[in-house]
């Protein structure tokens, strides 16, 4: 059974408020408003004059600010996170400024298809169905994880049949939601109760439901699960192993070959310069290093 909730553009998060939010069993979200934009003057890198861009001189990357430490936003709407720093570094190499218009996660690919942005650099897994629509430049290695409250009243042990019959939450359009659907079907086929799945647009809402005991398990990227576990002071706990290891990449439309090649060249330069390793170290994501993935 699946319920869909909160179908709206996600509100922005305040990094500094995360610790307090766990104590209060809520994560405060700050005002909606206009999409977040970050300017980074391109002082070096390849020429971008012949690139087909939504806005001249700007790399416009559709984003969803719900996946810390990869990509999220401060109270004033400023995008932050490892993917933001990688995107800024890529744009700098291309001699471009950068902008991050905000969408719900499920709205990212439709926005790209509607040419509201040039690329998606926002925790987007490289999957076969997406590769039919877009070309990707891989830049992180990821996977999915399951987390529960400290009490773990439903005795969930990870991505296994312990999810049968429990109340689970995931993000609309994200891989975690699909994995829960798959497990629910496995449960039913085994004669067990299916997973009761609620889909949300914001990881903060999912987290709040887990801490408040309104849901039993949350499934999303392993990076997000680990980040919230560290910030929660023990109130939110990752269980089981990371599943479905997969690459995250910068997506561009199939027709936009020039931009795809320019992004790939720029990312390679970011790696060669050492900036890529610095970003991963700063955000605690050394395990997600795509250059060391097997």
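Here, each number is a calculation from the coordinates, and none is a lab measurement. This is a predicted model, so every value here is computed, not measured. Using ideal geometry, Cβ is built from the backbone for each residue, glycine included, and neighbour counts are taken over all protein chains shown.
For this structure, a couple of remarks:
- Cα-based radius of gyration of segment 218-294 once divided by 2.2 N^0.38 Å, which approximates compact folds: 1.38
- A crude spin-label estimate for the pair residue 265 and residue 287, with each label 7 Å from Cα along the Cβ direction, gives 3.6 nm.
- Each Cα pair under 8 Å and six or more residues apart adds its separation to the average, and for segment 60-170 the resulting relative contact order is 26 percent.
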